[in-house]
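Asker: Mind having a look at this structure? Questions to follow.
The values are calculated or read from the model by the stated rules, or taken from the named source; none is laboratory data. All values reported here derive from a predicted model rather than from experimental measurement. Don't worry about glycine lacking a Cβ; one is built from the backbone with ideal geometry, like all the others, and counts go over all protein chains shown. Side chains included, ligands, DNA and RNA excluded: accessible areas come from the protein's heavy atoms. Shrake-Rupley method; radii C 1.70, N 1.55, O 1.52, S 1.80 Å.
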Amino acid sequence: MIHKIGVIGAGQMGGGIAHVFAQSGFEVRLADVHQDAVDKGIAAIRKNMERQVARNKLNEAEKEVALSRIFGQVGYEKFSDCDFVIEAATENEDIKNQIFKDLIPHLPPASIVASNTSSISITRLAAATDRPDRFMGVHFMNPVPVMHLVELIRGIATS
């Protein structure tokens with residue numbers, strides 16, 4: 001069962017992914033390479049949720065509860081209890097592979113790892129991890145909180 005979500009990348013896509021998971025009741029760890037990026041990502045999530053409140057899509061209490069579920073950080077040490085981690089970094093295979101190399105030692109063996117890539121082979125990315133059978137593509141559409149569409153992509157080894 002999935003309870004805690006890790007999101008790597010606090011930019012537009014990662015922030016949107018963290019937003020919808022937190023709003024859906026999941027505890028979210030949102031990571032980026034610099035604290036400034038994490039802070040900007042959380043500020044953007046807050047602003048987008050305030051827009052939802054203004055449009056009566058969310059009430060103030062729901063917004064505050066959702067925001068309380070998001071924990072920003074630099075690094076992956078606190079991903080040690082995440083059941084599902086989604087990478088939403090820049091579309092550069094070398095960067096993504098380095099992220100997975102750095103991430104994997106911090107994850108429990110049962111964690112599922114995913115990439116939000118729209119153009120890089122899921123099979124190649126999965127091969128850079130210790131769990132190609134527990135790796136998949138989860139391609140969210142932009143803007144994530146508005147577009148209720150997610151594409152799931154399996155690699156050759158995805159179970």
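Asker: Picking from H34, H106, H139, which is most flexible by a Gaussian network model of the chain using Cα springs under 10 Å?
Answerer: H34
Asker: Sticking with this one: By the scheme Lys and Arg +1, Asp and Glu -1, what is the net charge of all other residues having a beta-carbon under 12 Å from that of K47?
Answerer: Numbers: positive: K40, R46, R51, K63; negative: E50.
Every neighbour counted, the sum reads +3.
Asker: Tally Lys and Arg at +1 and Asp and Glu at -1 over the other residues with C-beta under 15 Å from the C-beta of V74: what net charge comes out?
Answerer: Residues near V74 contribute -2 overall.
Asker: Residue separation times 0.36 nm, minus the C-alpha to C-alpha distance between D81 and K47: what's the value?
Answerer: On the way: separation 34, 0.36 × 34 = 12.24 nm, distance 2.81 nm.
The span from D81 to K47 would gain 9.4 nm if fully extended.
Asker: Dipole of the stretch 11-159, Cα-centred, from +1 at each Lys and Arg C-beta and -1 at each Asp and Glu C-beta, to the nearest 20 debye? It would help to have the intermediate numbers written out before the result.
Answerer: Values: 16 positive and 19 negative charges, 72 e Å.
The dipole magnitude comes to about 340 debye.
Asker: Compute the accessible area per residue over the stretch 27-89, keeping the other protein chains in place, probe 1.4 Å, unit Å². Walk me through the numbers before you get to the answer.
Answerer: Numbers: 3400 Å² over 63 residues.
It amounts to 54 Å² per residue over the stretch 27-89.
Asker: Along the stretch 137-144, what does the Karplus equation 6.51 cos²θ - 1.76 cosθ + 1.60 (θ = phi - 60°) give for ³J(HN,Hα), rounded to whole Hz, x for Gly and Pro?
Answerer: Going residue by residue, I get x, 10, 9, 7, 9, 9, x, 4 Hz, with x marking Gly and Pro.
Asker: Given the rule -39500 (n - 2.57) for each run of at least 4 DSSP H residues, summed and divided by the residues of the chain, what is its mean residue ellipticity at 222 nm, to the nearest 500 deg cm²/dmol? List each step's numbers first, then the result.
Answerer: Details: 5 runs with 58 residues, N = 159.
My calculation for the chain gives -11000 deg cm²/dmol from helical runs alone.
Asker: List, in order, the whole-Hz ³J(HN,Hα) value for each residue of the stretch 87-99 obtained from phi through the Karplus relation with A = 6.51, B = -1.76, C = 1.60 and θ = phi - 60°; use x for Gly and Pro.
Answerer: In residue order, the calculated couplings are 8, 9, 8, 4, 6, 9, 4, 5, 5, 4, 4, 5, 4 Hz.
Asker: Compute the signed sum of charges (Lys and Arg +1, Asp and Glu -1) over the other residues within less than 12 Å, Cβ to Cβ, of T117.
Answerer: Details: positive: K96, R124; negative: E87, E91, E93, E151.
Result for the local shell: -2.
Asker: Quick check for you: which residues of the stretch 78-114 have the amide N under 17 Å from the point 7 Å beyond the Cα of I2 toward its beta carbon?
Answerer: 79-89, 107-114
Asker: Also, I was wondering about something else. Could you give the angle, 0 to 90 degrees to the nearest 10, between helix 35-54's Cα long axis and the longest principal axis of the Cα atoms of the chain?
Answerer: That works out to roughly 50 degrees.
Asker: Where in the stretch 5-43 is the amide nitrogen less than 14 Å from a point lying 7 Å along the Cα-to-Cβ axis of T90?
Answerer: 9-12, 33-34
Asker: Determine the percent antiparallel among the DSSP beta bridges restricted to the chain, to the nearest 5.
Answerer: Counting only bridges with both partners in the chain, antiparallel ones make up about 20 percent.
Asker: Can you pull the percent of the chain's accessible area that's carbon plus sulfur, 1.4 Å probe, other chains left in place?
Answerer: On the way: 4510 of 8190 Å².
In the chain, the share of accessible area belonging to carbon and sulfur is 55 percent.
Asker: Something else about it: Of [x] 1.09; [y] 0.99; [z] 0.94, which is the value of Cα Rg over 2.2 N^0.38 Å derived from the coordinates here?
Answerer: Matching entry in [x] 1.09; [y] 0.99; [z] 0.94: [y].
Asker: Just subtract the alpha-carbon distance of S24 and D39 from 0.36 nm times their residue separation and send over the number in nm, one decimal. Please list the in-between numbers first.
Answerer: Working: separation 15, 0.36 × 15 = 5.40 nm, distance 2.12 nm.
The span from S24 to D39 would gain 3.3 nm if fully extended.
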